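A quick write-up on the structure given underneath.
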Amino acid sequence: MKSVITTVVTAADAAGRFPSSSDLESVQGSIQRAGARLEAAEKLAANIDNVAKEGYDACIKKYSYLNDAGQANSTDTFKSKCQRDIAHYLRLINYCLVVGGTGPLDEWGIAGQREVYRALNLPTAPYVAALKFIRDRGCAPRDMSAQALLEYNALVDYVINSLS
């Protein structure tokens with residue numbers, strides 16, 4: 001799984017060198033932000049189902065036509081799968097907060113997602129709407145500290161950009 005540390009070490013090793021001072025500064029910055037990331041991961045883990053439900057509700061409110069017969073959210077099974085997918089992205093964001101890199105999202109959430117959504121004829125705009133709602137709903141200090149929210153929002157934006 002990729003983290004800042006594994007990425008730096010792998011790149012230096014591939015180049016046949018020791019990590020440079022800029023490599024080490026990158027690792028140091030990641031370590032300095034670790035407390036904020038872990039705070040965000042803890043808060044997200046404690047509320048992941050509620051956050052996913054709120055995001056799901058917001059996307060269905062915006063794209064209510066998805067509930068029409070034959071659409072992507074027309075059955076109870078489809079509805080539960082949509083909410084499950086949102087929770088899956090949040091779980092991967094949680095993993096990324098813990099490891100300090102985008103590896104879990106890159107490996108388990110983003111690789112191949114467009115092809116899967118195209119093959120299943122699923123629109124990505126509702127997922128983007130759900131994630132934007134989730135990102136914009138976060139509030140410091142109500143939900144977490146400003147730095148923790150910054151770390152969290154950066155990863156939510158990463159997913160949004162991959163879906164856009």
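Summary of values
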| item | result |
| --- | --- |
| Options Y63, I86, Y117, ranked by Cα towards positive dipole end of segment 34-163, top entry (Cβ charges) | Y63 |
| Angle in degrees between helix 4-14 and the longest Cα principal axis of the chain, rounded to the nearest 10 | 60 |
| Three-way shape label, the chain, alpha-carbon gyration tensor, a/c 1.5 | oblate |
| By average C-beta atoms within 10 angstrom, highest first, the peptides 73-81, 90-98 | 90-98, 73-81 |
| Listed peptides 6-12, 18-24, 148-154 by packing density, highest first (mean Cβ within 10 Å) | 148-154, 6-12, 18-24 |
| Reach of K43 by Cα under 26 Å, taken over lysines that are not fewer than 8 positions away in the same chain | K2, K53, K61, K79, K81, K132 |
| Under the Karplus curve 6.51 cos²θ - 1.76 cosθ + 1.60, θ = phi - 60°, whole-Hz ³J(HN,Hα) for segment 64-81, x wherever Gly or Pro sits | 5, 4, 5, 7, 5, 3, x, 8, 5, 10, 7, 10, 4, 5, 5, 4, 5, 5 |
| Unit charges on C-beta of K, R, D, E only; dipole of the chain, Debye | 300 |
| Nearest 10 degrees, 0 to 90: helix 21-32 Cα axis against the chain principal axis | 50 |
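Laboratory data are not the source of any read-out in this text; all were calculated from the coordinates shown. All of these numbers come straight from a predicted model, not from anything done at the bench. Virtual Cβ from ideal backbone geometry, glycine too; neighbours counted across all protein chains shown.
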